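Undergrad: Can you keep this structure in mind? I'll have questions shortly.
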Amino acid sequence: MLLSTSDTDLLSARASEGPVGYRYANPSRVDLAGLPALLDGVDLIVVRLLGGVRAWEEGLDAVLATGR
């Protein structure tokens, strides 16, 4: 799972092709109530926040709480 506030990261992820698919989303557009469903079945989460932790503090706390 790639969560990035960089649209360029997300466009690159969408354009990549390979044998293993992955999910991607802009965390600033993710409803915190829907975050558990988005992360369901995910083994690894990569988060890139332009502007630092304050850009998505509650969401980052929720991601860290998953232990992934």
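Each value in this text was obtained by applying a stated rule to the coordinates, not by laboratory testing. Since the model is a prediction, treat every value here as computed from it, not as a measurement. We place every Cβ from the backbone using ideal geometry, glycine too, and count neighbours over all the protein chains shown.
Undergrad: If Val47 meets every condition in (1) assigned to a loop (DSSP other than H, G, I, E, B); (2) in contact (Cβ under 8 Å) with a residue 24 or more places away in the chain; (3) not charged (D, E, K, R) apart from one, which number is that one?
TA: Of everything listed in (1) assigned to a loop (DSSP other than H, G, I, E, B); (2) in contact (Cβ under 8 Å) with a residue 24 or more places away in the chain; (3) not charged (D, E, K, R), Val47 misses just condition (1).
Undergrad: Is it true that Asp9 is of a type in the set (Asp, Glu) and assigned to a helix (DSSP H, G or I)?
TA: Answer is yes for this residue.
Undergrad: Just to be sure, is Ser28 surrounded by 10 or more Cβ atoms within 10 Å (Cβ to Cβ), in contact (Cβ under 8 Å) with a residue 24 or more places away in the chain, assigned to a helix (DSSP H, G or I) and among the hydroxyl-bearing types (Ser, Thr, Tyr)?
TA: On the way: surrounded by 10 or more Cβ atoms within 10 Å (Cβ to Cβ): yes; in contact (Cβ under 8 Å) with a residue 24 or more places away in the chain: yes; assigned to a helix (DSSP H, G or I): yes; among the hydroxyl-bearing types (Ser, Thr, Tyr): yes.
So Ser28 passes the test.
Undergrad: Sort out which residues of the range 12-68 are among the aromatic types (Phe, Trp, Tyr) and over 12 Å from Met1 (Cβ atoms), and write them in order of number.
TA: Scanning the range 12-68 gives a single hit, Trp56.
Undergrad: Search the range 44-60 for residues being within 12 Å of the chain's Cα centre (by Cα) and not small (Gly, Ala, Ser), and hand back the single one that is surrounded by the most Cβ atoms within 10 Å (Cβ to Cβ).
TA: Among residues in the range 44-60 that are within 12 Å of the chain's Cα centre (by Cα) and not small (Gly, Ala, Ser), the one surrounded by the most Cβ atoms within 10 Å (Cβ to Cβ) is Trp56.
Undergrad: If you check every pair at least six apart or on different chains, which have Cβ atoms under 9 Å apart with a residue in the range 12-24 that is in a loop (DSSP other than H, G, I, E, B) first and a residue that is among the polar types (S, T, N, Q) second?
TA: Sorted first by the residue in the range 12-24, then by its partner, the pairs are Tyr22/Ser16.
Undergrad: Can you find, within the range 31-44, the residue that is farthest from Glu58 (Cα to Cα) among those that are part of a helix (DSSP H, G or I) and of a type in the set (Gly, Ala, Ser)? Give the derivation first.
TA: The initial filter retains those residues of the range 31-44 that are part of a helix (DSSP H, G or I), namely 32-39.
Then keep just the ones that are of a type in the set (Gly, Ala, Ser); that gives 33-34, 37.
Numbers: Ala33: 11, Gly34: 13, Ala37: 16 Å.
That would be Ala37.
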